[in-house]
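Heads up, the thing below is written out as structure tokens.
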Amino acid sequence: MPILVLIFVHDNHNGIHQSTYYRGSLFVTGRSKTIVGGFHFWKEQELTISRNKRQLSFDYNGSKVRGVNLGGWFVLEPWITPSIFSQWANGGGVVDEYTYTQALGPTEAFNRLNQHWATWITQADFQEIASFGLNHVRIPIGYWAVNPQPGDPYVQGQLTYLDQAIGWARSAGLKVMLDLHGAPGSQNGFDNSGRYGSINWQSGDNVAQTVIAIKALSDRYASQTDVVTAIELLNEPANWGNDMSQVKQFYYDGWGNVRTDNAYTAVVIHDAFLDIQSYWNGFMNIASGVNDVILDTHIYQIFSDAEVAMKPCQHVQTACAAGPKVAGTDKWLVVGEWTGAQTDCAKWLNGLGKGARYDGTLAGSTGYYGDCQTKYEGTVDGLLAVDKTNLAYYVEAQLDAYEQHSGWIFWAWKTESAPEWHFQNLTRAGLIPQPLTSRKFAPQCQTSACLIPGN
Ligand SMILES: *[C@@H]1O[C@H](CO)[C@@H](O)[C@H](O)[C@H]1NC(C)=O
Ligand SMILES: *[C@@H]1O[C@H](CO)[C@@H](O)[C@H](O)[C@H]1NC(C)=O
């Protein structure tokens with residue numbers, strides 16, 4: 001039975017509230033009769049989610065994220081910029097941005113921080129970052145920049161510089177991952193959350209205020225998703241001081257809020273120091289109905305005695321073991337923080353005035369694994385030759401491992417005096433490969449042999 005079907009379809013798309021209009025004609029010719037019909041219908045979609053319905057301007061599924069963290073800029077960390085805290089080096093109770101702004105009061109705190117914001121990172125940094133072949137910067141920011149809470153001592157003014165930074169990123173061809181690094185009450189009690197001490201994030205309405213902070217950031221940059229391709233809902237929520245079911249609910253709520261501004265902006269969730277496969281596989285993956293989620297994991301091998309006790313080749317082997325681990329996650333995964341450091345020697349890394357596990361100067365640590373020497377404070381050029389060699393091998397192994405999924409972001413672009421953490425100077429000194437895909441050494445993750453000379 002011969003059937004002829006002709007369908008003419010006209011469709012119409014328009015912006016915010018997407019309507020698709022289909023109109024057509026249908027002719028069906030059979031043995032005994034011809035049916036001629038017309039149809040038209042509207043396919044209405046409640047696309048409040050696509051106010052800016054552009055695809056992601058970075059292909060997280062096909063390209064590798066290669067980035068640096070602009071640490072110590074909008075959220076102070078004493079070890080990154082010890083000069084800012086030098087007047088309290090011997091006490092006084094100032095250990096983080098909260099106590100810093102509290103001690104100085106709003107006017108003096110603003111004056112000093114405004115100077116810091118204007119100088120710590122400049123347009124020349126963005127250009128050099130791009131010139132090294134990097135494609136992302138991750139920018140930590142505290143909730144207090146967008147949603148300060150009653151009674152907070154924090155000062156504002158960061159957003160002017162963040163706006164400027166996004167323009168610089170655009171000019172340099174870089175993408176920005178915005179990273180909410182501090183939440184009200186502190187999500188981890190680390191100084192880098194803004195407030196050292198106890199974890200009170202899930203008290204009162206802190207979580208709701210954090211969602212409002214995310215919404216504010218997302219709204220602010222909704223029209224700049226050509227640069228702001230990813231928003232991290234919260235850096236390093238601790239699994240030990242928080243109820244994880246509330247963390248997960250916050251991730252859903254944060255994702256939904258970013259989605260009301262943009263259908264595709266990547267939403268980054270941190271692993272809360274839980275297993276990226278056994279704990280996180282199955283959560284917020286494509287199959288569960290959410291799109292464009294990146295799991296962020298941070299890989300440091302320095303915050304326990306067992307880790308600082310490791311020899312250089314054990315650090316390499318541990319890095320290599322992370323390769324299959326990151327590869328086996330069921331959503332995009334970025335190693336959003338890692339370092340060239342094999343020790344916790346950098347001055348104040350464990351907190352203002354505190355020592356290191358590596359040389360046994362941290363209160364409570366009992367071991368001694370070596371002398372911190374030039375790793376405590378100094379320059380990349382001033383590192384011992386042996387430390388430079390170990391670091392260069394370690395960095396290459398980590399690049400090999402972390403590129404087995406969506407990529408990596410080094411912590412940090414620069415520091416005042418912590419040489420092993422200074423991507424800019426490490427690269428200038430030839431200790432991080434250029435181009436980033438080149439290698440000076442034989443592939444270390446394809447052998448169980450130790451390739452580092454002298455080890
Ligand atoms: C990523 O790419 C792979 C292979 O091309 C594809 O199977 C997968 O569906 C893509 N994932 C996403 C989240 O787009
Ligand atoms: C980085 O390099 C600059 C320029 O040479 C130098 O002034 C600074 O001290 C270096 N810092 C570190 C930690 O290497």
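What is the magnitude of the charge dipole of the chain about its Cα centre, with +1 placed on the Cβ of each Lys and Arg, -1 on the Cβ of each Asp and Glu, and no other charges, expressed in debye to the nearest 20? Mind dumping the intermediate values first?
Details: 30 positive and 41 negative charges, 309 e Å.
Roughly 1480 debye, rounded to the nearest 20.
For the chain, each Cys has a disulfide-compatible partner, with another Cys C-beta under 4.7 Å from its own.
Close Lys pairs in the stretch 342-455, defined as Cα atoms under 22 Å apart and 8 or more places apart or on different chains, number 9. With the charge dipole of the chain set up from +1 on Lys and Arg Cβ and -1 on Asp and Glu Cβ about the Cα centre, the Cα lying farthest toward the positive end among the listed residues N90, S171, A118 is that of S171. Estimated from helical segments only, the mean residue ellipticity of the chain at 222 nm is -9000 deg cm²/dmol, where each DSSP H run of four or more residues counts as -39500 (n - 2.57).
Using packing as a proxy for protection, rank 100-111, 57-68 so that the peptide with the highest average count of other Cβ atoms within 10 Å comes first.
Details: 100-111: 15.6, 57-68: 17.3.
Averaged packing, sorted descending, gives the order 57-68, 100-111.
For the stretch 271-394, the Cα-based Rg and Dmax, in that order, read 17.2, 52 Å.
By the combined test of axial Cα extent (at least 18 Å) and Kyte-Doolittle hydropathy (mean at least -1.0), the qualifying DSSP H helices of the chain come to 97-119, 158-172, 206-220, 312-327, 385-402. Only one residue of T379, I214, G151 has its Cα farthest out toward the positive end of the dipole of the chain, where Lys and Arg carry +1 and Asp and Glu -1 on Cβ, and that residue is I214. Taken along the Cα-to-beta-carbon direction at a fixed 7 Å, the label points for D243 and A449 span 5.6 nm. The C-alpha atoms of the chain occupy a region whose extents along the principal axes are 96, 56, 41 Å, arranged from largest to smallest. Working value for the stretch 151-231: equivalent-ellipsoid semi-axes of 27, 13, 11 Å, each the square root of 5 times a Cα gyration tensor eigenvalue, largest first.
Values quoted throughout were computed directly from the atomic coordinates according to the rules given, and no laboratory measurement underlies them. The model shown is predicted, which means the values in this text are computed figures rather than measured ones. Here the Cβ is made from the backbone with ideal geometry for all residues, glycine too, and neighbour counts use every protein chain on show.
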